[in-house]
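Read the figures in this text as sums done on the coordinates, not as results from a lab. Predicted, not measured: the structure shown is a model, and the values here were computed from it. Cβ coordinates were reconstructed from backbone atoms using ideal geometry, including for glycine residues, and neighbour counts include every protein chain displayed.
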Amino acid sequence: MTDLFDFSSQSKRFAVIGNPIAHSKSPQIHQAFARQFTLTIEYQRTQVDPGGFHQAVSHFAAHGGSGLNITVPFKLEAFDWCSRLPNQLTERAGAAGAVNTIKFNKDGTALGDNTDGVGMLRDIEQNAGVEVSGKSLLVIGAGGAVRGILQPLIEAGAGEVCIVNRTVQKARDLASLFSNDDCRILASSYAQLDKRPFDIIINGTSASLGGDLPPLHNECIAEHSLAYDMMYASRPTVFMAWASGHGAGKSLDGLGMLVEQAAESFYIWHDKKPVTAPVLEEIRQLN
Ligand code: ATR
């Protein structure tokens, strides 16, 4: 195959694979982390055609690549690739059903992980200073992005998680998959959603991509609510604008989650924990 990857450097090699990929900020984030430890790394963006994922990953591994990040639309295929023996999956990747980080070991095996959920949790708890423990959460959407964040939120002690989705059966499926003695997990349609405020409202739909707003009623927002959009853009998303316009105390986009999930990937690969706040600031300026 024409080489998708640059194997000429002697430094440890990393890449993010997706389609499209030109917009990815992962190279800048990982290079900023590496500078904190005076590490020299190669980190490139690689666009892979639909159907070419498995071949691309095997090729990268065979040439001594150290680690990959995987983004839309390949996280499920990455999960499949890592499910094949002798590769391994972390428990959180198993719960998410998706892999966004692969570490290639010297013995030829690979470990698949998912750092999205922990990235979001750190952004909410450490960066925004909002504790999840005991809180009522409204999670909007029931696709792969939402599946990836539920376990860390439940483990952080969320008091209640209500999943609302256009296709209500998908919300019900997730609610039963993550059913748990310590946390009340509910599924709802938009029409039947309780008319009461939630502490944390997370938009995990792809609606923001098209500038659309999920059909939520205003009563789910209160002054103390944190509104969190997993998407990010150079300007506040329509969801953030809607939440702020209806009195949410705080609204955040997913750029902090992007930087925090990258920090966790960096830790998996290098066993070093980068400082994220200045990197988030730097990446925000690029937007
Ligand atoms: P991802 O892996 O990014 O989560 P996905 O699995 O295609 O992508 O899920 C997209 C989510 O956004 C779904 O919950 C979808 O609702 P449906 O399951 O009913 O399709 C939701 N979604 C997308 N566009 C939407 C819109 N305009 N309004 C409300 N929900 C929307």
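Screening the stretch 191-206 for residues that are within 24 Å of the chain's Cα centre (by Cα) and within 13 Å of the ligand (Cβ to nearest atom) and picking the one that is surrounded by the most Cβ atoms within 10 Å (Cβ to Cβ) gives N203. Looking only at residues in the stretch 50-72 that are touching a helix residue (DSSP H, G or I) at 6+ places or on another chain (Cβ under 9 Å), part of a loop (DSSP other than H, G, I, E, B) and more than 13 Å from F14 (Cα to Cα), the one that is nearest to the ligand (Cβ to nearest atom) is V72.
Restricting attention to the stretch 123-149, the residues that are of a type outside the set (V, I, T), touching a Leu at 6+ places or on another chain (Cβ under 8 Å) and within 23 Å of T276 (Cα to Cα) add up to 3.
Cβ separations smaller than 9 Å between residues 6+ apart or across chains give the following pairs from the stretch 97-109 residues that are under 12 Å from L76 (Cα atoms) and assigned to a loop (DSSP other than H, G, I, E, B) to residues that are of a type in the set (D, E, K, R) and more than 13 Å from the ligand (Cβ to nearest atom): V99/D80; V99/D113; N100/D113. Residues in the stretch 249-271 that are farther than 30 Å from P197 by Cβ, in contact with a helix residue (DSSP H, G or I) (Cβ under 7 Å, 6 or more places away or on another chain) and charged (D, E, K, R): E264 only.
Would it be correct to say that R45 is part of a helix (DSSP H, G or I), without any contact (Cβ under 8 Å) to a residue 40 or more places away in the chain and among the basic types (K, R)? The answer is no for R45.
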